[in-house]
Amino acid sequence: MIRPDAELLLDIQDLHASVEDKPILKGVNLQVRAGEVHAVMGRNGSGKSTLSKVLAGHPAYRVTGGTVRYRGQDLFELEPEERARLGVFLGFQYPVEIPGVSNLEFLRVSTNARREKQGEEELDTFAFEDHVNDKLKVVQMDPAFLERSVNEGFSGGEKKRNEILQMALLEPVVAILDETDSGLDIDALRIVAGGVNQLATEDNATLLITHYQRLLDEITPDYVHVMAAGRILRTGGRELALELEQTGYDWVDQELAAQGAA
Amino acid sequence: MASSVLAPVQERGRAALEQLGLPNRRQEPWRLTDLKRLAAVSELPASASPLSTPLPASLDGVTRLVLNGFDDPLAGQVLPEGITALNAEELEQALGHTLDRCGCAQVWPVEFNHAKAQQILALRVRGRVGPLELVLAAGAGLNATRVLLLLEEKAELELMQVLLAEGASAHSHVLEVHLGQEAQLRHGVLATADGASSLMAHLAVEQEPRSSYALTSVVQGWNLGRVEPRVVQVDGQAETVLKGLAVTGAKQQLATHTAVRFDGPEGELDQLQKCLAGGQSHAIFNGAISVPRDAQRTNAAQLSRNLLLSGRARVDTKPELEIVADDVRCAHGATVSQLQDDELFYLQSRGIAAADATALLLRGACQEVIAQLPAAAQAWRPLERVMESLAP
């Protein structure tokens, strides 16, 4: 939902970032307002996933230039956990398995960290169980997964459901979903997308990082951005995603070559 | 108890020690050991005082026996049905049999125990019996103890062994277990101390066919520690599970030397040894598996996973597989790593502070082994004890 007067949640200006001294992001500009759903598309290596990790604060990525303001605050002054508590959420492309740590305990600790920041009461074990059982419905998840270690032995689809369950519990302001559709069959995709749709409100925003149009059949974006060579090359409405589906990314090479020539 | 039985053993031990002398670094099993600390242990006087802190109550239904080096562990005790103490004649016959079978003769810590042990507890187990807890407590000085367990055919026992110490004290402990055919022993060892005491524990286990032995050991906080489980499947066809957690900090040194031998076909071993080494500590693991010609169709897996918690900690891990039989499956692997950045970042990205994320990951790493301890371990809060020792 596009409302020009809605709060500017995320303001990315000329963002540059490197991993192991190799520049990946080379001047990303993007503004995200409350109520909006953005899709960032592009080939492998275009910088989509790097953008999501930089926003969440992954230590392997170094910001070399530009600014990101989250609700007016300098995002890079905040530790990753502080960003999460303030409402920045990253749904991982490859959720990490943590043997020995119970999923339920992990979810409770992270939910309480966010609640404390929001000035809400901490949930004890019993109150949390009720709370989480409620949220399980968002992604139609079997409660048995709460008793297991975090993501350990989960299938690809179960891991992604667990990510959206975390999103439901943490109630983020800006949710960045990094290739949440990868490795999902069509049923799992619908469930995951359905979860994302249920959680979208006019006060929060979603940034979908994806390769494929098929996720956008389930979640309708307000904006579609095409990334290439570490920048956003083109921005449009959802018709841009449909166009990509038909024409592929060859035009991207031509456009980059033309820019290089110029 | 049974001083008449122990007298010749002590004599033999003293003679062996004289002949062996203190171990030195040219001997492979002692190459990495801090021998100054070993020498200090060898000179400790016999323990004569209990621990300064009281023991926590045992769980309902658990029979607790306490060996402190001087009080009779069986005084005033009613043993659970199915458990009886061996008489002097039976003891004389059985004592040392398993040690010999496991190749422990002329091994320094065993001979040292022979020379020093004043106390022995020897029990026979028949049928399925209630859980047993064995507490070995060293208040000051050396607590040299010896335990012998004979599990008869089809006997089943859950044994929780707890070794505690404080100050400049040490344990010298030798356990012999004989498992008859189809017998089952679930064995937990929780050995924790405050960093000043030392531990030498030798666990010799002899398994008859179709028996099952599952050892879970959690060892933490010893100035010098040496834990040596040695298992022999006398005719193969038995099941052995070894799960170990070794936690070191400060300048502690802890060595775990396991040896499993299959003297017959179709034996199984599932082994996981984990070490968490912090401070300037040194953790050592040596895992020997021997599969002679007769041990066809043995199925063994050994995994050593080590976590370095500081830049100055050290881990030495060495699998030692000796395989002669040709139709066997023997898998082994070893990893040494630090806490994974990706795991930490995942937790941080969910609002969990770096220090809490680290604690949660360490808890998980420990829990993988601790969760396997027998139920009686709950009385001793093993996870909390280990986590307290890991707190920065």
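The values are calculated or read from the model by the stated rules, or taken from the named source; none is laboratory data. On a predicted model such as this, the values are computed, not experimentally measured, just so you know. Glycine also receives a Cβ, built like all others from the backbone with ideal geometry; neighbour counts cover every protein chain displayed.
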_Checking B:SER217 against (1) out of contact with any Gly (no Cβ under 6 Å at 6 or more places or on another chain); (2) small (Gly, Ala, Ser); (3) at pLDDT 95 or above, only one condition comes out false. Which one?_
(1)
*Given the residues A:THR235, A:THR206, which is the only one that is surrounded by 17 or more Cβ atoms within 10 Å (Cβ to Cβ) and assigned to a strand (DSSP E or B)?*
A:THR206
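Applying the selection to the range B:247-284, what residues are under 13 Å from the mean Cα position of the chain (by Cα) and more than 16 Å from B:HIS202 (Cβ to Cβ)?
B:GLN273
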_For the range A:138-147: of the residues being in a helix (DSSP H, G or I) and more than 23 Å from the chain's Cα centre (by Cα), which is nearest to A:GLU158 (Cα to Cα)?_
A:ALA144
*Residue in the range A:121-137 that is farthest from the chain's Cα centre (by Cα), counting only those that are farther than 24 Å from A:GLY195 by Cβ and of a type outside the set (D, E, K, R)*: A:PHE126
*Only one of these conditions is not met by B:GLU28: (1) closer than 19 Å to B:GLY141 by Cα; (2) surrounded by fewer than 12 Cβ atoms within 10 Å (Cβ to Cβ). Which number is it?*
(1)
*List the helices (runs of 4 or more DSSP H) that sit entirely inside the range B:1-117 and contain at least 1 residues that are within 22 Å of B:ALA165 (Cβ to Cβ), more than 20 Å from the chain's Cα centre (by Cα) and of a type outside the set (Lys, Arg).*
B:3-20, B:35-42, B:108-116
*Scan of the range A:66-97 for residues that are on the phi > 0 side of the Ramachandran plot and surrounded by fewer than 20 Cβ atoms within 10 Å (Cβ to Cβ), ordered by number*: A:GLY66, A:ARG71, A:GLY72
*Please identify the pairs in which a residue from the range A:198-219 that is of a type in the set (D, E, K, R) has its Cβ atom under 7 Å from the Cβ atom of a residue that is modelled with pLDDT of 95 or more and buried (at least 17 other Cβ atoms within 10 Å of the Cβ), counting only partners at least 6 apart or on another chain.*
A:GLU202/A:ALA34; A:GLU202/A:GLY35; A:ASP203/A:ALA34
*Looking at (1) at positive phi; (2) exposed (fewer than 15 other Cβ atoms within 10 Å of the Cβ), which is the one condition that is false for A:GLY100?*
(2)
*Do the conditions hold for B:GLN252, that is, is it in contact (Cβ under 8 Å) with a residue 60 or more places away in the chain, surrounded by 24 or more Cβ atoms within 10 Å (Cβ to Cβ) and touching a Ser or Thr at 6+ places or on another chain (Cβ under 7 Å)?*
no
*Residues that are aromatic (Phe, Trp, Tyr) and at the interface with another protein chain (Cβ under 8 Å from one of its Cβ atoms): which helices (runs of 4 or more DSSP H) entirely in the range A:54-137 hold 1 or more of them?*
A:103-117
